[in-house]
Amino acid sequence: MLAKKRTVGRYTNATSNSVESELPRFELYYDGLQPRGTPDEATLAESLSVLSVDMRVTENKAEHITDKYKNSNLIVRRNKEFTIIIKFDRDFNKEKDNVEMEFLIGSKPDENKGTYIVMSIGKENRDVSWKCRVVNIEGRDVTVGITPDPNCIVGRFRIFMVVVSDVGKQRTPRNPDNDVYVLFNPWDSADQVYIKKEEERQEYVLNDVGVIFIGDFNEVSSRSWNFGQFEQGILDACLLILDSAKVPLVFRGNATEVIRQASALMNAQDDDGVLIGNWSGEYSEGTSPTAWTGSTEILLKYASEGATPVAFAQCWVFAGVLNTFLRCLGLPARVITNYSSAHDNTGNLKTDIILDEDGKLDKEKTRDSVWNYHCWNEVYMKRTDLPEKFWGWQVVDATPQETSDGLYRCGPTSVAAVKEGELSYPFDARFVFAELNSDVIYHKADKTGKTKIIYVDTAYVGKLTVTKKCDSNEYEDITTTYKYPEGTLKEREAMQMAERRGVAIGDYFPLTEAGVDMELKADVVKMGEDFKLNINIKNQTTEKCTISIILTGCVVFYTGVTSSVFKTENKDATVEPSQTETVQISIQAAEYMRELVEQSNLLFVVYGHIEELNQSLSTMRVVTLLPPELTIQVNGTPQVGKELMVSVEFLNPYNFILKNVQLRLDGPGLIKTKLKKYKQIFPGGSIKYKESIIPLIYGKKTLIASLDCAALRQVTNEIKFDVLKAAANPVIEEIEKKVEEVPIEKEREVENVINNP
């Protein structure tokens with residue numbers, strides 16, 4: 001008679017699917033023919049039991065370059081060995097004893113799906129994708145080396161030790177402290193996300209503070225962003241995002257799938273994702289997109305409130321939070337800004353600007369828009385579904401603009417494929433191509449309302465594409481990674497290839513060059529200042545030209561959508577052959593201030609008609625008004641364990657009251673996000689906010705401040721400094737050593753949500 005004894009226990013995975021699972025929990029499992037009754041005393045005396053497991057967290061984290069994560073559990077990278085020490089109740093004999101190690105993830109672990117990994121040490125071996133070896137045996141202590149498969153699932157694994165003997169199996173109880181997080185490994189050439197240069201790994205994986213570029217291509221500006229991918233609770237929050245959306249575990253070892261899923265999950269448009277997009281200017285039910293200083297506040301809020309979408313976001317917020325998610329899981333990622341970015345929802349590479357019969361911008365009929373800037377992300381990876389020449393940087397965009405396979409998402413899209421016009425490969429290459437290559441078509445109406453094309457600007461869109469340089473806050477111009485220079489043979493070939501791949505290039509004929517160019521120029525302008533707008537007219541013909549000019553000034557959102565027209569003006573100019581004349585137009589602050597919307601952008605459209613040639617031309621220019629200054633100062637010597645005073649000051653330079661002002665202070669490794677609210681700041685009035693901080697980690701640090709209210713957006717500043725190591729002090733050294741274990745209320749809330757859904 002076959003006698004078996006089995007008890008079944010319920011196990012929970014702290015981060016995967018948040019569903020309890022049932023697995024056989026063997027306290028004693030008798031195989032084969034056994035007499036009735038219990039094993040004899042001699043058999044029990046020889047049995048082996050596990051007393052403890054030392055995960056060697058500190059040593060392994062240092063070797064796996066995961067020691068920055070403020071998480072008490074072991075965090076490792078794929079295809080790199082980590083070691084643990086198993087302590088038994090007697091000396092271990094690898095010729096006679098057999099112990100299995102189980103790594104489980106998900107609610108229904110399955111060996112065939114890579115969610116249940118079983119490895120053996122001792123007399124029996126198992127052929128599995130993960131590698132296992134006995135490194136050292138010292139009596140009762142056995143050091144074991146474990147190497148996760150280079151393509152294994154990324155997430156949090158539960159670990160059990162199972163002693164296998166003639167009388168059955170004995171499994172250790174669940175210990176969440178022994179759970180192991182497995183991440184992508186950009187340091188290993190076998191991993192899909194391997195990136196060769198160490199300086200790029202330092203920047204695109206390990207840098208927890210970045211710069212996001214905003215403004216317009218004529219006046220590039222920036223704001224610092226706290227990615228904070230190593231902060232306490234962030235790794236769990238990132239895994240919760242996948243769990244809440246029920247992303248299948250089998251997808252989570254494939255970077256392409258993780259990236260595509262993440263693109264959809266960062267926005268709440270159709271799947272209750274992380275962030276709610278809002279471009280209305282009305283943010284009373286949440287936080288203004290311009291008020292955020294980084295990703296950590298957003299992700300911790302999302303997790304602690306039960307995976308509830310956070311309000312509100314615009315493109316740079318989506319990009320900043322997605323960048324945190326990607327870097328946190330070990331994916332090399334960076335934020336990209338494309339200036340003069342077209343939103344082409346028809347895929348015809350056309351942005352239509354409609355002028356009325358007088359040459360003024362027709363606000364009602366102009367439906368298309370060119371964003372002053374648009375932010376997305378790039379991820380570096382191998383795309384095994386594409387030819388090798390299209391591996392490398394891939395576009396991924398979480399801003400909800402158009403649907404892809406039924407969800408609001410975009411990418412991953414090969415940057416190299418976009419440049420060559422090879423748009424038939426997955427995913428969403430046509431949309432990205434249009435953002436960079438659309439033509440701006442100017443139409444003018446006659447007295448009957450019928451319009452005709454008067455001018456085509458093939459170079460306005462995609463003028464400049466940038467990202468942060470490695471180890472610098474300056475921008476790197478990466479325009480040529482997306483497109484060939486305008487008018488070159490390679491550029492024409494790429495456009496022809498795009499047309500063969502199904503992109504409609506346009507149903508208009510190239511217009512004859514008039515030989516007259518028109519350009520708009522403006523100096524750097526602060527919000528609330530009067531300024532001059534210069535229209536430079538260059539006559540490249542051999543005859544004198546008389547040109548009549550009509551200028552329309554509009555207040556616009558950064559997306560290029562017109563809010564209101566605040567100025568129209570007519571001018572005439574005569575330009576001699578081969579000469580340039582400048583027509584100057586004065587813009588008064590009183591004209592635009594009362595009409596301003598968030599981010600303070602002014603769009604000027606100029607129409608010109610050349611009398612002698614009976615030809616028209618047109619151009620436009622965005623002027624981004626710079627906000628007033630926010631000052632931030634640090635008093636004292638930045639040193640671990642030593643108090644540091646920070647002060648943030650702001651003066652209201654305007655003649656109106658700033659109401660319901662929010663001031664944020666943020667900095668990874670320095671301070672958790674602090675929020676200070678002011679009911680109002682009177683004209684000429686000022687505020688001064690002081691905060692005491694005690695750095696717990698040494699090295700280069702960035703402190704970020706942001707001031708925001710309905711009348712004033714994008715007021716930010718930052719200060720960078722080096723935090724020195726602590727002076728020789730055992731107490732301070734102990735604080736520094738255990739900084740990852742410091743309990744913080746907000747992070748505990750996150751952990752409770754994840755472990756107790």
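Numbers at a glance
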{"item": "Residues of the stretch 623-648 classified as surrounded by fewer than 20 Cβ atoms within 10 Å (Cβ to Cβ), assigned to a strand (DSSP E or B) and touching a residue at least 40 places away in the same chain (Cβ under 8 Å), total", "result": "9"}
{"item": "Residue list for the stretch 571-592, filter: open to solvent by 60 Å² or more (accessible area, probe 1.4 Å), touching a strand residue (DSSP E or B) at 6+ places or on another chain (Cβ under 8 Å) and part of a loop (DSSP other than H, G, I, E, B)", "result": "E576, S578, Q579"}
{"item": "Positions within the stretch 364-422 being of a type in the set (F, W, Y), farther than 16 Å from E435 by Cα and modelled with pLDDT of 95 or more, in sequence order", "result": "Y380, F390, W391, W393"}
{"item": "Residues (touching a helix residue (DSSP H, G or I) at 6+ places or on another chain (Cβ under 7 Å) and buried (at least 17 other Cβ atoms within 10 Å of the Cβ)) located in the stretch 439-480", "result": "V461, G462, L464, T465"}
{"item": "Residue check, A434 outside any strand (DSSP E or B) and in contact with a helix residue (DSSP H, G or I) (Cβ under 6 Å, 6 or more places away or on another chain)", "result": "no"}
{"item": "Answer from S548, S563 - the residue that is under 22 Å from V715 (Cα atoms), of a type in the set (S, T, Y) and assigned to a strand (DSSP E or B)", "result": "S563"}
{"item": "Residue match in the stretch 502-517 (condition: in contact with a strand residue (DSSP E or B) (Cβ under 7 Å, 6 or more places away or on another chain), assigned to a strand (DSSP E or B) and open to solvent by 20 Å² or more (accessible area, probe 1.4 Å))", "result": "yes"}
{"item": "Odd one out for Y654, checked against (1) closer than 30 Å to F217 by Cβ; (2) in a strand (DSSP E or B); (3) open to solvent by 10 Å² or more (accessible area, probe 1.4 Å)", "result": "(2)"}
{"item": "The stretch 326-378, subset touching a Phe, Trp or Tyr at 6+ places or on another chain (Cβ under 8 Å) and of a type in the set (F, W, Y), residue most open to solvent (accessible area, probe 1.4 Å)", "result": "W371"}
{"item": "Selection within the stretch 121-146 - open to solvent by 10 Å² or more (accessible area, probe 1.4 Å), outside any loop (DSSP other than H, G, I, E, B) and more than 17 Å from R78 (Cα to Cα)", "result": "G122, V134, V135, N136, I137, E138, D141, T143"}
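Conditions (1) more than 23 Å from I336 (Cβ to Cβ); (2) at pLDDT below 95; (3) in contact with a helix residue (DSSP H, G or I) (Cβ under 7 Å, 6 or more places away or on another chain), marked per residue:
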position	(1), (2), (3)
Q202	no, no, no
D216	no, yes, no
N226	no, no, yes
Q229	no, no, yes
C238	no, no, yes
D243	yes, no, no
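The values are calculated or read from the model by the stated rules, or taken from the named source; none is laboratory data. Since we're looking at a predicted model, the values are computed, not measured. A quick note on method: Cβ atoms are made from the backbone with ideal geometry, for glycine too, and the neighbour counts reach across all protein chains shown. The accessibility values were calculated without ligands, DNA or RNA, using every heavy atom of the protein model including side chains. Shrake-Rupley method; radii C 1.70, N 1.55, O 1.52, S 1.80 Å.
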